[in-house]
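**Q** Pasting in a structure now, in structure tokens, and then I'll have a few things to ask.
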Amino acid sequence: MEPRQPADEARVLVIYTGGTIGMLVSSRGYIPEPYFLTDTLRSQKRFHDPLQDSLFSNAASVEGYREWSTSGKSSPISPDKVLTAGPGTSFLVRSSRPVGRTSTLVPSIFSQIENLLEQPECIKIADGIYETRLPSLVTPRSVVPGLGHTKRIRYAILEWGPLLDSSNMEMHDWIRIAGEIELNYSSFDAFVVLHGTDTMSYTSSALSFLLEDLGKTVILTGAQIPLSQLRNDAVDNLLGALSIAGNYIIPECSLYFNHTLYRGNRVSKASSYDLNAFHSPNFPPLVNDMSPHVATLRLFPGMTGMTASAFLAPPTRGIVLETFGAGNASQRPDLLAALKEACDRGVVIVAISQCPKGSISGDYDTGRTLIQAGVVPGGDMTPECALTKLSYLLAKPELTPTQVRSLISLPLRGELTPPAPSLPAAPSSDDVHTDLQGLLSHFVRLSYARKIDIPQIVIGEEAQDAAAPWSRTAAERASTEAALMPFLVHLALPVSLKELERL
């Protein structure tokens, strides 16, 4: 039985197929070295901080850093503490090939570590399906952009043997990657595929079709300069891919490179040496960044306009407003004025409910005043979803605040339930009678044009008196129009055809 996943921890499976990212220099040029990548990541605190005692885990604030630097935790710890997996820190992983350490062609300085690690037992559970437990690595705890709370990412590396240069990647390898994801789909929150850059765009395009009904994040990444070099792009690309995969749900196959997330089937390799190796000429990147200038404000009884203004002050660009019930708020003039002033200034405020169940509606007057102030209903989105969606939209420079407000209320990824369709908006009472009279007159005109024996509608004094009550409610007016419209269309069609024949 797998241990229960902590709420502040994401599980990611890294499928390492090969590529420059894990290569070493040899007399034959760059070549892949088995388990060099895994061993290197395990030795670097930015990629593996099991005791959460590194600088990266304790530098979120100056107070945290000072406490860490004087506590003695900043002293180096012995390798056995770093390499020991500990209870509940291994993952049950399945693969289409046997999993385990293999002999290397070139002696590796990291091969000595093998003696300190337990050889994983690989079991064949079905034809073409093998199962083993892989030790996990865990990133330092960090603040999730846009959400405010801290989280760490626990991941395992499923390394292929032999590792492939991407120029040797073939179609059956695409199917193998898709199969590895399918076999482990229910055990992990997201997947990162490490791949060579030469044919990475082919693989990302193929996976976009092979992974049908995908509901989790799949990101391909690699490097132009291997991790073994002092100056490289491997650290940023791998950390970026892990961070996005562990913190955000992007249910499609994407490619992350040089701080940019691309749609997997829209990208091509543009340079063999630039760190910005890929481009997407016909489709904008999915993510260049997430806007950090968003926050969550939870209403409470007695909240003043001054308190709200402090949250809404620049550089804040978006606020998720957690309201009472179905979207209600205090009617304090200073609070409503602060919200309206921020909306007029271009701040996007999204209203969601403090209740775990329910949605925002305009059923109450105390909720409609928020909408009148410029607050956008967020439907039944969760606080986490509303904040990340707001951050995502505000990071798009081509969108105006008005466009962001429109998109917030629309389901982009199935994140909210669309509102039920309503009756057409009711016109003023003065217009209803005129519209209805014109509708009936048009109906009579078309009836005469048919010149057939059908019941005639005569607009006389009695008919007008009978029709007078219809103008009193918009619902009856809308129902009447809906009932008459099919007849109008049916009668108008022959007339239109005769007119065309005359022409």
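The values are calculated or read from the model by the stated rules, or taken from the named source; none is laboratory data. Just so it is clear, the structure is predicted and the values come from calculations on it, not from any experiment. Every residue, glycine among them, receives a Cβ derived from its backbone with ideal geometry; neighbour counts consider all protein chains shown. SASA here: full protein model, heavy atoms, side chains in, ligands and nucleic acids out. Shrake-Rupley method; radii C 1.70, N 1.55, O 1.52, S 1.80 Å.
**Q** Mind checking which residues of the stretch 226-257 are of a type in the set (Asp, Glu) and crowded, with 17+ Cβ neighbours inside 10 Å? Give the steps one after another, and end with the answer.
**A** So in the stretch 226-257, the residues of a type in the set (Asp, Glu) come out as 233, 236, 252.
ASP233, GLU252 - these are the residues of the stretch 226-257 that are of a type in the set (Asp, Glu) and crowded, with 17+ Cβ neighbours inside 10 Å.
**Q** Still on this structure, I have one more. Only one residue in ASN232, ASN237 is closer than 30 Å to GLN44 by Cβ and touching a residue at least 24 places away in the same chain (Cβ under 8 Å). Which one?
**A** Working: ASN232 fails: touching a residue at least 24 places away in the same chain (Cβ under 8 Å).
Going through ASN232, ASN237 in turn, the sole match is ASN237.
**Q** Given the criteria hydroxyl-bearing (Ser, Thr, Tyr), within 21 Å of HIS293 (Cβ to Cβ), at pLDDT below 90 and open to solvent by 10 Å² or more (accessible area, probe 1.4 Å), does THR369 qualify? First the steps, then the outcome.
**A** Values: hydroxyl-bearing (Ser, Thr, Tyr): yes; within 21 Å of HIS293 (Cβ to Cβ): no; at pLDDT below 90: yes; open to solvent by 10 Å² or more (accessible area, probe 1.4 Å): yes.
So THR369 fails the test.
**Q** A further question follows. Determine, yes or no, whether THR221 is crowded, with 24+ Cβ neighbours inside 10 Å and touching a residue at least 24 places away in the same chain (Cβ under 8 Å).
**A** Values: crowded, with 24+ Cβ neighbours inside 10 Å: yes; touching a residue at least 24 places away in the same chain (Cβ under 8 Å): yes.
Here the answer is yes, as THR221 does meet what is asked.
**Q** If a residue must be farther than 29 Å from LYS124 by Cβ, modelled with pLDDT under 50 and of a type in the set (Val, Ile, Thr), how many such residues does the stretch 49-108 contain?
**A** Residues flagged as farther than 29 Å from LYS124 by Cβ, modelled with pLDDT under 50 and of a type in the set (Val, Ile, Thr) within the stretch 49-108 amount to 3.
**Q** While we're here: Please specify each residue of the stretch 304-352 satisfying the condition of being β-branched (Val, Ile, Thr), touching a helix residue (DSSP H, G or I) at 6+ places or on another chain (Cβ under 7 Å) and either without any contact (Cβ under 8 Å) to a residue 24 or more places away in the chain or open to solvent by 30 Å² or more (accessible area, probe 1.4 Å) (or both).
**A** Answer for the stretch 304-352, where residues must be β-branched (Val, Ile, Thr), touching a helix residue (DSSP H, G or I) at 6+ places or on another chain (Cβ under 7 Å) and either without any contact (Cβ under 8 Å) to a residue 24 or more places away in the chain or open to solvent by 30 Å² or more (accessible area, probe 1.4 Å) (or both): just THR304.
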